[in-house]
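Trainee: I have a structure I would like to understand better, so I am pasting it below and will then ask my questions one at a time.
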Amino acid sequence: QVQLVESGGGLVQAGGSLRLSCAASGRTFSTYRMGWFRQAPGKEREFVAGIDRTGSNIYYAESVKGRVTISRDNAKNTVYLQMNSLKPEDTAVYFCAADVRGRYDSTQGYGYWGQGTQVTVSS
């Protein structure tokens, strides 16, 4: 079992950057595949990025590709989401998620979720 806590959200102007962090509890972080999702008001939760156990394989949603970088530090039990060139449509609550198997780009591929961190991009 793993517990996840996101941080780093906030209010930023369009074109700005934010770095989200997700700290995981437990000593088995390196066994989990990790993902970032986001949910805007009135919309379904959607995939943003995913990373395998070692960071060797990374996946991005088309809507963020080229603007977002996912990474992880297994020594610190942390996964990051660096977001650049932010747009108002990136405004959402961002969640990190973990599991040992399943599709990277589906919410059903993850059994563990954090509480989320709000990202607001002003125009």
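The values are calculated or read from the model by the stated rules, or taken from the named source; none is laboratory data. Owing to the predicted nature of the structure, the values given are computational and were not obtained by experimental measurement. No Cβ is skipped: glycine too gets one built from the backbone with ideal geometry, and neighbour counts run over all protein chains shown. For the accessible areas, the whole protein counts, side chains as well, though only heavy atoms, and no ligand, DNA or RNA atoms are used. Shrake-Rupley method; radii C 1.70, N 1.55, O 1.52, S 1.80 Å.
Trainee: So, in the stretch 76-86, of the ones that are assigned to a loop (DSSP other than H, G, I, E, B) and under 22 Å from residue 25 (Cα atoms), which residue ends up most open to solvent (accessible area, probe 1.4 Å)?
Mentor: Per the stated criteria, the residue is 76.
Trainee: If you go through the stretch 35-50 one residue at a time, do you hit one that is crowded, with 16+ Cβ neighbours inside 10 Å and free of Cβ contacts under 8 Å to residues at least 40 places away in the same chain?
Mentor: Yes, that holds for at least one residue.
Trainee: Right, another one. Which of the residues belonging to the stretch 96-123 are among the polar types (S, T, N, Q), farther than 20 Å from residue 65 by Cα and crowded, with 16+ Cβ neighbours inside 10 Å?
Mentor: The answer is 117, and nothing else.
Trainee: Hey, could you check the stretch 1-39 for residues that are touching a helix residue (DSSP H, G or I) at 6+ places or on another chain (Cβ under 8 Å) and not in a strand (DSSP E or B) and say which is nearest to residue 121 (Cα to Cα)?
Mentor: 14
Trainee: Which ones in the stretch 80-123 are under 20 Å from residue 42 (Cβ atoms) and at pLDDT below 95?
Mentor: 107, 123
Trainee: Pull out all pairs, ordered by first then second residue, where Cβ-Cβ is under 9 Å, the residues are six or more apart or on different chains, the first lies in the stretch 53-75 and is modelled with pLDDT of 95 or more and open to solvent by 50 Å² or more (accessible area, probe 1.4 Å), and the second is assigned to a loop (DSSP other than H, G, I, E, B) and among the acidic types (Asp, Glu).
Mentor: 58/52; 59/52; 59/105
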